[in-house]
Protein chains: 2
Amino acid sequence: MTQLAKTRHGQVYLSLRADILAGRLHPGEKLPFATLSERYGFSVGVIREALSRLVEQSLVENLPQQGFRVASVSRETLIHLTQARCEIESLTLRHSIAEGDVNWKSAVVAALFKLNNTQQMDSEDPSLLSEDWVEAHSAFHAVILAGCANPRLTDICGQLRDSAELYRRWSARIGEQAKRDIPAEHTAIANAVTAGDADLATRLLSEHISLTSDLLLESGFIGSTDERENAQATA
Amino acid sequence: MTQLAKTRHGQVYLSLRADILAGRLHPGEKLPFATLSERYGFSVGVIREALSRLVEQSLVENLPQQGFRVASVSRETLIHLTQARCEIESLTLRHSIAEGDVNWKSAVVAALFKLNNTQQMDSEDPSLLSEDWVEAHSAFHAVILAGCANPRLTDICGQLRDSAELYRRWSARIGEQAKRDIPAEHTAIANAVTAGDADLATRLLSEHISLTSDLLLESGFIGSTDERENAQATA
DNA sequence: TGTACAAGAATTTTCGAAATTTTGCGAGAA
DNA sequence: TTCTCGCAAAATTTCGAAAATTCTTGTACA
C-alpha cells in the first residue's frame, strides 16, 4: 500500500486519503462525484474505486444510493477508538520491544530526534499543526511498533492510528497542546522503549494516547451525536 | 456491512466474499474480469469495485496492471494470523465477559447448542465441512465476543477470522478433526465464558485457535512459499 | 543452442454517457 | 397552516467500448 500509485485510482486513493487525514476534507462532509472528479481531474469510475477502498478503511462512509461522505466523528467512536488503540498498540509494542534489533532501536532514536527538532506549529497559521510535524509524529509512532515481527499487528495499529488522525487534527485548535509537554512524552516513551522496559513503555504510550482523547472529550468540541456538517473544503 | 446489497457491486462483493471463504475460489487463483463478469453477470466496473473492497479486507491481492487474485496462503502468514487472533481475540473476549449481559450469555448458550447439534461433515461429500456447520461455527465464535461493547474490537476480530477461514477450509481435508474433540473444545469455552472465568476462557480460546493452525502446519499441506496455483473453480 | 527483439493477443484500466434512484419543490386537499 | 402527492432536477450507479499496459508467441541473430 505504499507507492502503488501506478494507476489513476491509486493516485486518487492516496490524494483523497491525504486530504482527509490532513483535515482538508472535514468529518461528515459529503463527497459528490461531480466535485471530486473536477477536483482530481479523473472520471467518476476512478473516484468511485478510490472511495470504495477508503470505506473499507473506515475513513469514508457510504450509504447505498446516497453517496459517500468523510467518516463522521462522535464522542462514542473516539472513546472506542482510543480504547482499541491503547490495548492493541500496547500489545504490539511489547512484541516490538521483545523482537526488535539494534537497527530498529536506532530508527527509534532517529525518529525521536527528528520529531523533537521539527517545528510543531505551522509558521503561517500558528493555530494549526505543521505538515512536517504531523508527518514526523506519524513516523515516530509507526517506528516504535516496527520492531514487531508480525505485520498483521502493525497493519492493524496503522489503521487505528489513521482513524485517530481524524480527531487529532482538531486537538491543536482547542489549545490542548498548552496543557502538556508533548516532546517530553515522546522522549519518555522512546527512552523506555530503547531501555527495553516494556511495562513502562506501554503505560506511557497508553497515557499518551488517552491524554489527547480525554482533552478533546473534555473540550466538548465533539458533539454526542454524529457530526454531519457539510463544510466546504478550502483549497 | 450486513444487508447492504441494494447495489449490484454490493451483491458481487457478498457473492465473491462467500465464494472465497467457502473455498470455491482457491487461494492464489487468478480472478480475470472476463471470467468474473460472466460468472456473476455484471459489467467489469461492478466487479472491479467489489474486488477493490476485498483487497482492503486482505481477502484478495492486487498487482497494478496485472489483475486480482485470491489472497495466497503461506506458513508465515498463517503463523502471524494465528498469533494476532490469539492475542486480540483474547483481549476482546475479556471485554465481552466483563461487559456482556444476560441476553448475551443466553445467546452464547444458544449458539453452542446449535453448533453441537449441526452435522459437521457434508452429507454428500464427508471429506468436506457442511455449509451449515461452517455457518454455525462462525456464528459461535462471533457471539462469544459480541458481549464486548467496543465495536472496533469486534470488527477487527471478525476480519481476522475471515482471513483465517481461508485456511480452516483445508484443515478438514487433512483429517485434522480426527485428532481432536471439537464439540468438547467449544463446550469448554462456552462454559468458561458463561461462568465468567476470563482467564480460563481466553486460555481455552487461544488453544482452540492455535490447535487448528498447528495441525495444518504440521501436515505440511501449506508450502513455505506463497501458493500460486491457478486451479479452476468448480461450479 | 540460447538470447534479444518485435508483432500480435489478451488483459487491465479508464472514460463518458445511459439508466436508475433519490432529492427538492410546488400545487392541491384536509 | 400542514400534509401528501407528483413531477422535475440532481446525484448515484451501471454499462460497454476505447485506450493503455502486459503477456505471449514467433523470428532473427549471435
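The values are calculated or read from the model by the stated rules, or taken from the named source; none is laboratory data. Since the structure is predicted, the reported quantities are computational estimates derived from the model, not experimental observations. As a convention, Cβ positions derive from the backbone with ideal geometry for all residues, glycine included, and neighbour counts pool all protein chains shown. Surface areas here come from the heavy atoms of the whole protein model, side chains and all, with no ligands, DNA or RNA. Shrake-Rupley method; radii C 1.70, N 1.55, O 1.52, S 1.80 Å.
Across all Cα atoms of segment A:72-172, the radius of gyration (one decimal) and Dmax (whole number) stand at 14.7, 42 Å.
Each part gets one Cα centre, and for segment A:40-106 versus segment A:160-221 those centres are 18 Å apart.
At a probe radius of 1.4 Å, figure out the B/A buried accessible area, summed over both chains, and give it in Å² to the nearest 100. Numbers along the way, then the final one.
On the way: alone 12360 and 12350 Å², together 21690 Å².
Chains B and A together bury roughly 3000 Å² of accessible area.
The mean count of C-beta atoms from other chains within 10 Å of the C-beta of residues in A:6-16, rounded to a whole number, is 1.
Taking N as the residue count of the protein assembly as shown, its C-alpha radius of gyration divided by 2.2 N^0.38 Å amounts to 1.01. For chain A, the mean projected area of the C-alpha convex hull, equal to one quarter of the hull surface, is 13.1 nm².
Could you give the dipole magnitude of chain B about its Cα centre, charging the beta-carbon of Lys and Arg +1 and that of Asp and Glu -1, in debye to the nearest 20? Could the numbers behind the result be given before it?
Working: 23 positive and 31 negative charges, 116 e Å.
Approximately 560 debye in magnitude.
With the simple model of a label 7 Å out from the Cα in the direction of the Cβ, A:K179 to A:D122 spans 2.4 nm. Summary for A:D132: label point 7 Å along Cα→Cβ; distances to the equivalent points in the other copies, ascending, 6.7 nm.
If the chain linking A:L200 and A:E99 were pulled fully straight, counting 0.36 nm for each residue of separation and taking away their Cα-Cα distance, it would gain 34.7 nm.
How well do other chains shield peptide B:148-156, expressed as the mean number of their Cβ atoms within 10 Å of each residue Cβ?
Working: counts 1, 4, 8, 4, 12, 5, 0, 3, 5.
What the average comes to for B:148-156 is 5.
Within segment A:150-164, list the residues whose amide N lies under 15 Å from a label point set 7 Å along Cα→Cβ of B:D155. Answer for segment A:150-164: A:156-164.
Computed with the Debye formula from one identical point scatterer per Cα of segment A:109-152, without solvent, the log10 of I(q)/I(0) at q = 0.16, 0.25, 0.30 Å⁻¹ comes to -0.47, -0.81, -0.98. For segment B:8-70, the gyration tensor built on C-alpha atoms gives a rounded shape. Its axis ratio a/c (a ≥ b ≥ c) stays under 1.5. Sorted shortest first, the distances from the B:S210 label point to those of the same residue in the other copies are 2.9 nm; each point sits 7 Å from Cα along Cα-to-Cβ.
Straight-distance candidates among the aspartates and glutamates for linking to A:K105, with alpha-carbon spacing under 19 Å and chain neighbours fewer than 8 residues away dropped: A:E89, A:E185, A:D197, A:D199. Residue-level result for chain B: its Cβ closest to the axis carrying B onto A, with that distance in Å, is B:E56, 2. With contributions of -39500 (n - 2.57) from each DSSP H run of at least four residues, the per-residue ellipticity at 222 nm computed over chain B stands at -20500 deg cm²/dmol.
Select from segment B:106-144 those GluC sites (Glu not before Pro) which occupy a DSSP coil region and have at most 12 other Cβ atoms within 10 Å, ordered by residue number. If you can, show how the numbers build up before the last one.
Numbers: sites: B:E124, B:E131, B:E135; in loops: B:E124.
Answer in residue order: B:E124.
Taking amide H as placed 1.01 Å from N in the peptide plane, the amide H of A:F68 sits under 5 Å from that of A:L31, each at least 5 places away or on another chain. Position A:Q119: other-copy label points at 7.4 nm, ordered by increasing distance, label point 7 Å along Cα→C-beta. Bridgeable aspartates and glutamates around A:K6 (alpha carbons under 20 Å apart, same-chain partners fewer than 8 residues away excluded): A:D19, A:E49, B:E49, B:E56, B:E61.
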